[in-house]
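What follows is one structure encoded as structure tokens, with my remarks underneath.
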Amino acid sequence: MQHTCVVRYLLGLLVFHATSLKAEWNTKDFQKREHSLTKPYQGSGFGVPNWDFQGSTMVTSNYIRLTPDQKSKQGALWNKIPCRVRNWEVQLNFKVTGTTRDLFGDGFAFWYTKERMEIGPVFGSKDFFSGLAIIGDTYSNHNTPNHQHPYLSAMVTNGSESYDHDKDGTHTMLGGCEVKFRNMNHETWIAIRYENDKLTVSHDITNKRAWAPCFSIDGVKLPTGYYFGMSATTGDLSDAHDVISIKTYELDTADGVSKEERPDIQPETEFIATPQREHKEDPEESTSGIKKFFIGLLVVLGILVVVVVGIMMYQKQQENNRKRFY
């Protein structure tokens, strides 16, 4: 009898625990498989269901490589289906590796944009894009940065602004943080959460299975019906940029907030980007000094040539005069 009571008690605990797990699992977020990408990648044939790829992108059984560790490569991966939900979260499992410790580049970008499948100069995709870019920049192009790279940042534009690659995008940057994600022996993750016009970016690069905050911005307006994508690029320096998985979740819309699609609004943000360094043209002091040196040298040489030619002409004139005198 005592054993029977114990068994019943344990069964009750199991039922309660299972109910609790079910309640915990059935949260307000659920995965959107049409916008997700997990192994095994390939379906029937050689394509990846719901995704297109271009450039140097290569699909393997363990990862999708956007660029190999080679110079001057560009690759991209784009979802075929536009995202129609207002609130969403994308968890990106990625890997960036290279053979060098100090010199590497250029980086990758996560996209939620109106345009798709357009190779271009912004980490493998087009400039003057309309939508959101989350950029993992691994190389500092500016000569006086005040942060280290790799650097994770965001940009929102309606297609009227250009990404200033030479300035590392600092003058259109909404927020950012240093994230040392290269050459890790464990999984590295980034989470992009867009909920009730608030953009939050977090990361897990320490393998602790916990999100560390990067930045959060209120007042970000993004239309529905844009496309998710990933792209990467290399230049004179290189890295291998790999996508392991992309998991997209629909988030519940808060009470009192419309769940209707809004495809006609323009991407914009109430947050005014504050440049992390004063907006000036590239410093030209050293270049100007070199120019001044060569200009001065040419002037001196020119004067010497004129003097030498003048002396030669004077001597020749004197010699002719002497000849006429005799």
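Key figures for this structure:
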| item | result |
| --- | --- |
| Among (1) modelled with pLDDT of 60 or more; (2) surrounded by 10 or more Cβ atoms within 10 Å (Cβ to Cβ); (3) not in a helix (DSSP H, G or I), the one test that residue 277 misses | (1) |
| Of all residues making up segment 247-260, the number that are modelled with pLDDT under 90, surrounded by 11 or more Cβ atoms within 10 Å (Cβ to Cβ) and not β-branched (Val, Ile, Thr) | 2 |
| All positions within segment 201-241 that are of a type in the set (Ser, Thr, Tyr) and within 30 Å of residue 68 (Cα to Cα) | 202, 206, 226, 227, 231, 233, 234, 238 |
| Which listed residue is among the aliphatic types (A, V, I, L, M), open to solvent by 10 Å² or more (accessible area, probe 1.4 Å) and either under 18 Å from the mean Cα position of the chain (by Cα) or under 17 Å from residue 83 (Cα atoms) (or both), from 222, 237 | 237 |
| Total residues in segment 100-115, condition crowded, with 20+ Cβ neighbours inside 10 Å and part of a loop (DSSP other than H, G, I, E, B) | 3 |
| Residue under evaluation residue 126, criteria (1) open to solvent by 10 Å² or more (accessible area, probe 1.4 Å); (2) in contact (Cβ under 8 Å) with a residue 60 or more places away in the chain; (3) within 19 Å of the chain's Cα centre (by Cα), criterion not met | (2) |
| Meets criteria (closer than 27 Å to residue 169 by Cβ and part of a strand (DSSP E or B)) for residue 224 | no |
| Residue match in segment 13-28 (condition: in a loop (DSSP other than H, G, I, E, B) and either touching a strand residue (DSSP E or B) at 6+ places or on another chain (Cβ under 6 Å) or at pLDDT 90 or above (or both)) | no |
| Identity of the residue in segment 286-326, at pLDDT below 65 and among the hydrophobic types (A, V, I, L, M, F, W, C), that ends up surrounded by the fewest Cβ atoms within 10 Å (Cβ to Cβ) | 325 |
| Verdict on residue 184 being among the hydrophobic types (A, V, I, L, M, F, W, C) and open to solvent by 20 Å² or more (accessible area, probe 1.4 Å) | yes |
| In segment 198-210, residue farthest from residue 269 (Cα to Cα) [restricted to those that are at pLDDT 95 or above and not basic (Lys, Arg)] | 204 |
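The values are calculated or read from the model by the stated rules, or taken from the named source; none is laboratory data. Just so it is clear, the structure is predicted and the values come from calculations on it, not from any experiment. Every residue, glycine as well, gets a Cβ built from its backbone with ideal geometry; the counts of neighbours run over all protein chains shown. Protein only, heavy atoms only, side chains kept; ligands, DNA and RNA dropped before computing areas. Shrake-Rupley method; radii C 1.70, N 1.55, O 1.52, S 1.80 Å.
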